[in-house]
Each structure stands twice: as structure tokens, then as C-alpha cells.
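Notes follow the structure.
The values are calculated or read from the model by the stated rules, or taken from the named source; none is laboratory data. Being a predicted model, the structure only gives us computed values, none of them experimental. Every residue, glycine among them, receives a Cβ derived from its backbone with ideal geometry; neighbour counts consider all protein chains shown. When the accessible area is computed, the model is the full protein with side chains, heavy atoms only, and any ligands, DNA or RNA have been set aside. Shrake-Rupley method; radii C 1.70, N 1.55, O 1.52, S 1.80 Å.
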Amino acid sequence: MALHLGTPVTALPGVGSETAKDLKTLDVVSVRDLLLYFPYRYDDYSRTLPIAKLRHDDTATVVGTVEKIATRPANKNPKLKLTEAVISDESGEIKVMWFNQPYLEKSLRAGTRVSLAGRMDAKFGGKTLVNPVWEPAGQGTHTGRLVPVYPLTRGLTVRRLRTAIKAALPATQEMEEWLPLGLLSDEGFGSEGAAIAGIHFPESKEALEKAVDRLKFDELFLHQLQYADIRRQAAKRDAHPIPVDEAGLKSFVATLPFALTPGQRRAAWEIVKDMGNPHPMNRLLQGDVGSGKTAVSAIAASSALNAGLGVAYLAPTEILASQQHAAFCRFFPSSPVALYTASQCLVREAPVPRDELFQAIRNGDVRFVIGTHALFQGGVDLPKLGLVVIDEQHRFGVEQRRALLEDDPAPHLLSMTATPIPRSLALTLYGDLELSVIPDRPKGRKPIATFLVTEGERKAVWEKVREEVATGHQAYVVCPLIEESEKIAAKSVSETASMLSKGDLKGLRIGMLHGKMTSPEKAEAIEEFRSGEIDVLVATTVVEVGVDVQNATAIVIVGAERFGLAQLHQLRGRVGRGEAQSYCFLLPDALTKPGEKRLQAMVESDDGFALAETDLQLRGAGNLFGNAQSGFPDFKLATLADVPLMKRARDAASKLLAEDPELSGHPVLKEKVKRSFDRVHLE
């Protein structure tokens, strides 16, 4: 039977009804599905050696003849069955041993030519190949090459899966090439079918690298074309053009209690100019901790308000929404700035009934509302919305941004992030957005003194915290877990608070803040800390965003090795917000050499962008944002570490779209983008 991409997997050797059921749990039903089920690593059995040249700890393939084979109980454990064989080639003999596989006696009879791959171990006496993979000589599926290893489920074995995939490889020839031929030539790629065959059964490490690069490029290139489509659709939508009112802007900036940095001025100018267009702005404002993004967003908000339009400010947490509401009330002292979250409903400082706030918004009496995502889920009608600001935008996805732009006319959209991301990476992560960066920080802020603390120095850290409190300042202690866990030996908030109050910080007023507290409990804890009723706030990373207490001058991060550099930098940014000298103490629970190198980078640099680059180099993919990928697409192969390939994909997409914006001359590619867009959730 000829195999095609649509052929059911049951047509493949070794795939019976039970194996087919196992594959179905992996969403593998057809030959095409199976070919797109990629390995996650490879065993390198490509080195084939004569028996005489094998040494202890060598990993290699041996081809020889079975001289004898037998199974016996192990001497020290009779329940353990040892199957032992002697294999010979022209150069000598080797002992081979398998554990609890007595059935091999029937498969590997004396005289059988066999290929075995595994590791040599001298501890069993002489040359012994322990638990090797085997197959009849000359097959080249499980030995003698780079051997693919796949994620498995239930009763599925890697041997059966590998055999089925190898049998399916001829169907790769049916795959229709969708990349333009000129692009293939420019990038030096082979066909998609060849790349898929090459990722399963590569002829060499170099061939594997080429196959993986082609398939990663495919993902990134499609992603860029999808983003380009979002940008193109947004450009067709109408928005309220907000003319640049230089006199009004200068008047507003003059009311700010500080001088803008050059970076703030440049970013604000880019944004207000963009808002002057009749199509919706879709821009990302990126700035390090303390760079003054809120002030820039206030300038943008003043433009919209002066033009008679509404402004919505979207924050990821109630803590941050409440904090930003207080800040914007200061920026706009005579405006009815509202706060709407699941637990709070205010116009300036005054609580109001929900329905009353909704009516005031509909009437146009309140035109500036700050809130969480509840703003767009709670039936709030926001008429004539000129600007939406999304704070800490990596916690919101592309779909949410796109939905906001579907109003008619659409609001201008300003997304903001304090998570430092290398520019080259930001262009791919947020490819639907134009980018503004604030590279500098407000004058007068002193660098935060950062220390990596050894076990013997911890006493001195708590003494320093006491010293800061004695001078009228406050401190944070950050823990990685809320509750005790046997699996992860990290101290919980309650455990740490209790330990400190009975020991090193006895007599100080210690409070707690963590994600399992209710919103009113969190608000109360933060208010007590802000008003000085709490000396030391023991918290989880819930303080990473939105807790701004200028009197806090020390932060102690317990289990510091568990956090990414970007997250540590965000946490460090909770102090150093006033004029006093501030301190950050990194207290690791256990430190490896790579972990020490990462934390030492924190000690040596307070540049968030430089630290993000370091984290990318030291930890590789997916670690810039802590636990979540935070907006990075769910690719099979491409990762955050593939920055050079991202740039190639972005440049190639830009070039192609400049020549053929609607992809009219590339119907196969156009259909591929459409199918991909329909299938992939862009978050």
C-alpha cells in the first residue's frame, strides 16, 4: 500500500489499534501528524568502532555476530534477571549485558549479525556493553547514527515510534513547498520535506542543524507574516486622529514635579505624533525599572483628554491598578479620574456605586478610567475612547490587543513593559507593535548596592535591615513560595515571617503579602506598609509589579537562584525609588557555578537591558519572564534564544511584503498564512 500524508497511522509497521490509541492522545492520527511529531533530543550513536578499540565510558555502535547468549539470576538479587551475550567481530570479543530482558534469547540467537549501541562499563569486569540498543545489522534505525528520542505516552515505546516514523519518511516527498523559491535560495535552505526527514533521521550533526534551522525559520517567518497582517488590518481601521497640541503638551509637562529625561521626551513625542494619525496607534513603550514610563503615558493621556476623548488604563493586578490610580490623580488634580476593579469603584478618592460610575462614563462626566481586565469584561461602556494604555503588557496577549483595535473607530493603543528585553528580541515578541524605548533613568537616583550573600554573612544582612529601619526606612523580604512544599525546599512567606519575628528581626513590625490573600487584605497590607505601620513586608513576587513605597531602602531576596535575572531586576526595582541609598541582598538557598555566575551579573550591573542579554546567553530559551513565556508564541522548535534567526525571518518577511503586500503572487504561501492564522492562537 502506497503511503500518503493523509494515510492513517495504522498502515505503518508496528502500529496496531492500541498504539494508534496512544498516538491519538498525542493528536497523531495521520502520517502527516506523525511526521510533524518532532524529537526532543538525540542519542549520538554515530561513532562505530571495532571491539578492540572500545574503552571504558565510550558511547559507540558495535557491529558483530552473537557467539552465545543466556539468561541467569543476578548473584546478589535473584529477582533480577541478567541476559548476557558474547559478541565478536574481526578485532575481538565483547561481553554484553541486559537487565530483565530474557526474551532477547529468542531474538538474538547465536550466529545472528547484530548492531548494538550504548555505553562501555568496566565495573562488570573487562569490556562490557551495558543495556545497549540493538537491531539487525544494516538497518540503521536505532544504532549507527544520531538516533531521535521522542516524548512518549502510556504504552508507546520509542522503538516502535521510531520504526513507524522511518517507514513514513517517503511521504515527505508529497509536501508542497510553500516558501518562495527565491527566498529558499537566499537563505540557503532545502525543501520542507527534506527538512522534516532530516530532523527525524539526520545524516550528521551539520545536516540536523540545517533541518532544524529551516523548520524554526518556517515558524518565525509565518509568525512575522501574521503580525504583518495584524498591522495591515489595523492600518485600514479608522481612529480618532488627535492633533499634536504643542502648547497644551508644554503646559502639562510644566505641571510635572520633575524634569523629563531625554528618553522620556523622545518617547512621548513619538507617541503623540503617532496618535495624530487617522489609523490606530499600536505601540510598545519599553523602559527599565524606574525609567518613568507612567509619566510618558500621562502625557499621552493628556493629549487624548484635551481632544475631548476618553482614556482607559489597563493594569494586570488590582494592586497596580490602585497604585496607578493614585499616581494619575496626582498628574490630573482637577480631573475625575476613576478606578474600577472587581473590588473597588472610585472617582478620585471617593467610593461610588458601580452603576453610578457607569452612568458617569456614559454621560462623559468621567473620561479617564483605570482598572484591571474587568474594565473590558464587566459591561463598562467606554464611549469615544481615544487611548487605551496597557501596563505590564507581557501579561496580556496579542489577541487582547487585537480585540481592542476592532472597535470603530478604534482607540490608539499604548502597551508598556518594564521587563527589559533586548531590542532584537522585542521586535519579534511584539511584532504587531511599533517600539519606543526609554534608555535612561531620572536624575538623582542612586545605584542600588547589590550583594550576593554567603551562608556566613546572613546575620550581617539582618543587622543591616535593622539599621535601615532604625533610621526610619523600611524593607522587603521576598520568598519564592507561599506555602511549604516537600518538593521544593523554599521557605514560605508565613514560615519566613514567623522565623524573622522570633529571631533576627524580633521586635520589628512585620507584615505579609502573597497571592492567596483577598484583594482587600492585599490592599490593607500595602497601605499599612506605605503609611509606615509595617517595618518589613515579607512577600512573594506579588510585589514585583505595582508596590511603590519610596521609603523602602532594602530588599532581601530569599532563594534568589530560583528567579530569572529580569525578575530579580524587577524585584530590585522596588527599592531605590527615593533619594536615600538603597540595598539589595541576594540570599541563595543552593548555588551552582552557573547560578553563581548569573547572580554575580546582578551584583555587577543595574542595567536591565544588559541583564536580559546575559540571561539569554546563560540560561537560553524561555527564562526572561520567570515562569511564563509571557506572550511568546507556542512554537514547536523556535525559542527565545533564536534571535539571529528571528531577525532573518523578520527581514525576509519585510522584503517579501514590500514587493507583494497582499501575497497575490504567492498563492500557496497566502493559503498557508491563512490556515496558520486560523489555527494558531497568537499568545
**Message:** I need the full set of residues from region 128-153 which are within 20 Å of F99 (Cβ to Cβ) and surrounded by fewer than 22 Cβ atoms within 10 Å (Cβ to Cβ), in order please.
**Reply:** T128, V130, N131, V133, E135, V149, L152
**Asked** Does A566 count as in a helix (DSSP H, G or I) and among the aliphatic types (A, V, I, L, M)?
**Response** yes
**Message:** Given the criteria touching a residue at least 60 places away in the same chain (Cβ under 8 Å), over 24 Å from G276 (Cβ atoms) and either charged (D, E, K, R) or out of contact with any Phe, Trp or Tyr (no Cβ under 6 Å at 6 or more places or on another chain) (or both), does S343 qualify?
**Reply:** yes
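If we keep just the residues of region 529-544 that are of a type in the set (A, V, I, L, M, F, W, C) and over 27 Å from L591 (Cβ atoms), which is surrounded by the most Cβ atoms within 10 Å (Cβ to Cβ)?
First pass over region 529-544, keeping only residues of a type in the set (A, V, I, L, M, F, W, C): 529, 534, 536-539, 542-543.
Still in the list and also over 27 Å from L591 (Cβ atoms): 529, 534.
Details: F529: 24, I534: 22.
Filtering first and then ranking leaves F529.
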**Complete:** Every listed condition ((1) of a type in the set (V, I, T); (2) under 21 Å from L587 (Cα atoms); (3) in a helix (DSSP H, G or I)) holds for I526 save (2)
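Are any residues in region 302-351 among the aliphatic types (A, V, I, L, M), assigned to a loop (DSSP other than H, G, I, E, B) and open to solvent by less than 30 Å² (accessible area, probe 1.4 Å), and if so, which ones?
Applying the first criterion (among the aliphatic types (A, V, I, L, M)) to region 302-351 yields 304-305, 307, 309, 311-312, 314-315, 319-321, 326-327, 337-339, 342, 346-347, 350.
With the extra rule that they be assigned to a loop (DSSP other than H, G, I, E, B), the set shrinks to 307, 309, 315, 342.
Once the filter is applied, which keeps residues that are among the aliphatic types (A, V, I, L, M), assigned to a loop (DSSP other than H, G, I, E, B) and open to solvent by less than 30 Å² (accessible area, probe 1.4 Å), region 302-351 yields L309, A315.
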**Message:** Checking V575 against (1) in a helix (DSSP H, G or I); (2) at pLDDT 80 or above, only one condition comes out false. Which one?
**Reply:** (1)
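Taking the stated definitions as given, is L161 open to solvent by 10 Å² or more (accessible area, probe 1.4 Å) and either part of a helix (DSSP H, G or I) or within 29 Å of P136 (Cβ to Cβ) (or both)?
On the way: open to solvent by 10 Å² or more (accessible area, probe 1.4 Å): no; either part of a helix (DSSP H, G or I) or within 29 Å of P136 (Cβ to Cβ) (or both): yes.
Judged against the criteria, L161 is not a match.
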**Request:** Would you check if there is a residue in region 164-186 being under 30 Å from N306 (Cβ atoms) and either within 33 Å of the chain's Cα centre (by Cα) or modelled with pLDDT under 95 (or both)?
**Result:** no
**Request:** Note down all Cβ pairs under 6 Å where the first residue falls in region 588-602 and is more than 17 Å from I555 (Cα to Cα) and assigned to a helix (DSSP H, G or I), the second is open to solvent by 20 Å² or more (accessible area, probe 1.4 Å) and of a type in the set (D, E, K, R), and they're at least six residues apart or on different chains.
**Result:** G595/E561
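Across region 92-104, which residue is most open to solvent (accessible area, probe 1.4 Å) among those that are under 14 Å from T65 (Cα atoms) and in contact with a strand residue (DSSP E or B) (Cβ under 9 Å, 6 or more places away or on another chain)?
At the first step, the residues of region 92-104 found to be under 14 Å from T65 (Cα atoms) are 92-96.
Among the residues that remain, those that are also in contact with a strand residue (DSSP E or B) (Cβ under 9 Å, 6 or more places away or on another chain) are: 93-96.
On the way: E93: 119, I94: 5, K95: 65, V96: 0 Å².
Among residues in region 92-104 that are under 14 Å from T65 (Cα atoms) and in contact with a strand residue (DSSP E or B) (Cβ under 9 Å, 6 or more places away or on another chain), the one most open to solvent (accessible area, probe 1.4 Å) is E93.
Would you call S115 surrounded by 17 or more Cβ atoms within 10 Å (Cβ to Cβ) and of a type outside the set (A, V, I, L, M)? Outline the logic, then answer.
On the way: surrounded by 17 or more Cβ atoms within 10 Å (Cβ to Cβ): yes; of a type outside the set (A, V, I, L, M): yes.
The answer is yes for S115.
So how many residues does region 6-34 have that are assigned to a loop (DSSP other than H, G, I, E, B) and crowded, with 19+ Cβ neighbours inside 10 Å? Step through it out loud before you land on a result.
Of the residues in region 6-34, the ones assigned to a loop (DSSP other than H, G, I, E, B) are 6-7, 12-16, 25-29.
So of that shortlist, the ones also crowded, with 19+ Cβ neighbours inside 10 Å come out as 12, 15, 28.
Total meeting the criteria: 3.
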**Residues that are under 35 Å from the mean Cα position of the chain (by Cα) and open to solvent by less than 60 Å² (accessible area, probe 1.4 Å), drawn from region 45-73** = Y45, T59
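When region 169-184 is examined, which residues are found to be of a type outside the set (G, A, S), in a helix (DSSP H, G or I) and either without any contact (Cβ under 8 Å) to a residue 40 or more places away in the chain or open to solvent by 20 Å² or more (accessible area, probe 1.4 Å) (or both)?
Let us first name the residues in region 169-184 that are of a type outside the set (G, A, S), namely 169-170, 172-181, 183-184.
Now drop any that are not in a helix (DSSP H, G or I), which leaves 169-170, 172-174, 181, 183-184.
Hits for region 169-184 are L169, P170, Q173, E174, L181, L183, L184.
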**Prompt:** Taking S30 and the conditions (1) under 11 Å from A171 (Cβ atoms); (2) over 36 Å from the mean Cα position of the chain (by Cα); (3) small (G, A, S), which numbered condition does it fall short on, given that it satisfies the others?
**Reply:** (2)
**Request:** Look through region 74-91, keep the residues that are surrounded by 12 or more Cβ atoms within 10 Å (Cβ to Cβ) and either without any contact (Cβ under 8 Å) to a residue 12 or more places away in the chain or of a type in the set (S, T, N, Q) (or both), and return whichever of them is nearest to P50 (Cα to Cα).
**Result:** S91
**Prompt:** Taking I488 and the conditions (1) at pLDDT below 90; (2) under 22 Å from R572 (Cα atoms), which numbered condition does it fall short on, given that it satisfies the others?
**Reply:** (2)
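Here's the yes/no breakdown for (1) in contact with a Pro (Cβ under 6 Å, 6 or more places away or on another chain); (2) open to solvent by less than 60 Å² (accessible area, probe 1.4 Å); (3) at pLDDT 75 or above:
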site: A621; (1), (2), (3): no, yes, no
site: P633; (1), (2), (3): no, yes, no
site: L637; (1), (2), (3): no, yes, yes
site: L640; (1), (2), (3): no, yes, no
site: K647; (1), (2), (3): no, no, yes
site: E659; (1), (2), (3): no, no, yes
site: K670; (1), (2), (3): no, no, yes
**Prompt:** Cβ-Cβ below 7 Å, separation at least six or inter-chain, first residue in region 5-25 and over 21 Å from M175 (Cβ atoms) and of a type in the set (A, V, I, L, M, F, W, C), second open to solvent by 70 Å² or more (accessible area, probe 1.4 Å) and part of a helix (DSSP H, G or I): which pairs?
**Reply:** A20/T10
